[in-house]
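A quick write-up on the structure given underneath.
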Amino acid sequence: MNKMGNQVSVNNGINRDSVIDCNNNGRSAICVLEKFKSSIYGCVYFHQCSPYDITRIRFELNGTAGETHAIHIHEFGDVRDGCKSLGLHFNPFHKPHGSFLRKTVRHAGDLINNINFDERGIFVYEYEDPLISLFGDESIIGRSIVIHEGRDDEGQGVGYHQKESLISGNAGHRVQCGIIGVCKTLHF
């Protein structure tokens, strides 16, 4: 494991300088978070070689230096009412909100919970997520990514905040969102 900003990068044997070795097979997806909507913008990339392989995810985001924001996959890609109409966290396995990095039970849509922008306002991070799929009924294609104004408490809220912690991580209002679509080419 190595540090990237305030996030711990779980390498899982990934050679970051190589292209995914699946002979250009599989599926790629992208979520473009547009600059004109928010001070947070960039892309989130996904690739899965087959329905039986783990999905690789790469974040390439820009924002305000030193800020931390919650990030999740939400259940719908319906932006008729902006970020408000995207539903709850994507949760096909009906689990409580949790954390990949803490290794707790979690929603598939919890991703890495938070993005931490460095002193230049950049967040680049790559990992493999066993709960994310680009195939079948649990595919994330057509769903959305939402960035919230606050930090995700990773399901660790106590007292008054405990109930909402296990639903949303007490992450606050939605400040940026985009739909996850099929990507023409693999980016990483």
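The values are calculated or read from the model by the stated rules, or taken from the named source; none is laboratory data. All figures in this text were calculated on a predicted structure; none of them were measured in a lab. In this analysis, Cβ positions are derived from the backbone assuming ideal geometry, glycine residues included, and neighbour counts consider all displayed protein chains.
Of all strands (runs of 3 or more DSSP E) completely enclosed by the range 14-88, which ones contain at least 1 residues that are out of contact with any Phe, Trp or Tyr (no Cβ under 7 Å at 6 or more places or on another chain), under 25 Å from residue 186 (Cβ atoms) and modelled with pLDDT of 95 or more?
The strands (runs of 3 or more DSSP E) meeting that bar are 27-33, 41-48, 55-62, 68-74.
Please pick out the residue among 178, 142 that is within 30 Å of residue 26 (Cα to Cα) and surrounded by fewer than 17 Cβ atoms within 10 Å (Cβ to Cβ).
Step by step, each of 178, 142 is checked, and only 142 is within 30 Å of residue 26 (Cα to Cα) and surrounded by fewer than 17 Cβ atoms within 10 Å (Cβ to Cβ).
Here is a list: 99, 165. Which entry is over 15 Å from the mean Cα position of the chain (by Cα), of a type in the set (Ser, Thr, Tyr) and surrounded by 18 or more Cβ atoms within 10 Å (Cβ to Cβ)?
165
So in the range 145-162, with the set limited to residues that are touching a strand residue (DSSP E or B) at 6+ places or on another chain (Cβ under 9 Å) and not in a loop (DSSP other than H, G, I, E, B), which one is surrounded by the fewest Cβ atoms within 10 Å (Cβ to Cβ)?
Residue satisfying both the conditions and the ranking: 148.
Is there a residue being in a loop (DSSP other than H, G, I, E, B) and out of contact with any strand residue (DSSP E or B) (no Cβ under 9 Å at 6 or more places or on another chain) anywhere in the range 108-118?
no
Need the failing condition index for residue 129 against (1) touching a strand residue (DSSP E or B) at 6+ places or on another chain (Cβ under 9 Å); (2) within 21 Å of residue 62 (Cα to Cα), just the number.
The one condition residue 129 does not meet is (2).
Going through the range 134-150 one residue at a time, which ones are in contact (Cβ under 8 Å) with a residue 24 or more places away in the chain and of a type in the set (S, T, N, Q)?
Answer for the range 134-150, where residues must be in contact (Cβ under 8 Å) with a residue 24 or more places away in the chain and of a type in the set (S, T, N, Q): just 144.
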